[in-house]
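Read through the structure below, which is laid out as structure tokens, and then see the notes.
The values are calculated or read from the model by the stated rules, or taken from the named source; none is laboratory data. Quick caveat, the model's predicted, so the values are computed rather than measured. Counting neighbours? That spans all protein chains shown, and the Cβs are built from the backbone with ideal geometry, glycine included.
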Amino acid sequence: MSLKAVLSAVLFAPTLALAALPAGTMYKDPYCGCCGEHAKYLRNAGFDIKEVVRQDMQSIKQQYGTDIAQSCHTIVMQGYAIEGHVPANAIRKLLKEKPNAKGITVSGMPATSPGMGEYKVGTIAVEIIGKDGSLKPYGKF
């Protein structure tokens, strides 16, 4: 392998790795501290999360048809809305399966959810938000 090929691979490998990260935008209330903690958790899990502070969270939820969810922030990722403190494995499942849905949610702010406190795997009930706005169980993560 030539020196030029090796240098090219070394220089472009970090760019390709960054491009492969699942990217999303988190819309969050300016007065909520736990949203930033959830974003940090997702970044540590390999997601690229951009945080956008919004005063009008209800209008964001209406825009994505997820106003049924009781959550403090909305992440938009690959055409889905992710509401609340959803564990990374639930998001990965959503992006892999690509269900015909608006998104997924963890309603409320469970104390054992990522970003709220000590996350306990398997304790967080995630629901899928159907195209009709209905909520159905998606699994425990």
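Some observations on this one:
- Meets criteria (of a type in the set (A, V, I, L, M), more than 15 Å from Ile129 (Cα to Cα) and surrounded by fewer than 20 Cβ atoms within 10 Å (Cβ to Cβ)) for Leu42: no
- Leading residue by the ranking (surrounded by the most Cβ atoms within 10 Å (Cβ to Cβ)) among those in the range 96-114 that are small (Gly, Ala, Ser) and in a loop (DSSP other than H, G, I, E, B): Ser113
- Condition met for Lys28 (within 28 Å of Gly115 (Cα to Cα) and either modelled with pLDDT of 95 or more or out of contact with any Phe, Trp or Tyr (no Cβ under 7 Å at 6 or more places or on another chain) (or both)): yes
- Residues (out of contact with any Phe, Trp or Tyr (no Cβ under 8 Å at 6 or more places or on another chain), surrounded by fewer than 16 Cβ atoms within 10 Å (Cβ to Cβ) and touching a residue at least 12 places away in the same chain (Cβ under 8 Å)) located in the range 115-124: Thr123
- A search for C-beta distances below 9 Å between a residue of the range 61-77 that is more than 14 Å from Val126 (Cα to Cα) and any residue that is part of a loop (DSSP other than H, G, I, E, B) and acidic (Asp, Glu), counting only pairs 6+ apart in sequence or on different chains, returns Lys61/Asp67; Cys72/Asp29; His73/Asp29.
- Checking each residue in the range 32-78 for being farther than 20 Å from Ser107 by Cα and part of a helix (DSSP H, G or I) picks out Arg43, Asn44.
- Complete set of residues in the range 73-127 that are touching a Lys or Arg at 6+ places or on another chain (Cβ under 9 Å) and among the acidic types (Asp, Glu): Glu83, Glu127
- Exactly one residue out of Gly79, Gly84 is on the phi > 0 side of the Ramachandran plot and within 11 Å of the chain's Cα centre (by Cα), and it is Gly84.
- Every residue from the range 52-69 that is surrounded by fewer than 16 Cβ atoms within 10 Å (Cβ to Cβ) and more than 14 Å from Gly103 (Cβ to Cβ): Val52, Val53, Arg54, Gln55, Asp56, Gln58, Ser59
- The range 79-95 - residue that is among the aliphatic types (A, V, I, L, M) and part of a strand (DSSP E or B) and, of those, surrounded by the fewest Cβ atoms within 10 Å (Cβ to Cβ): Ala81
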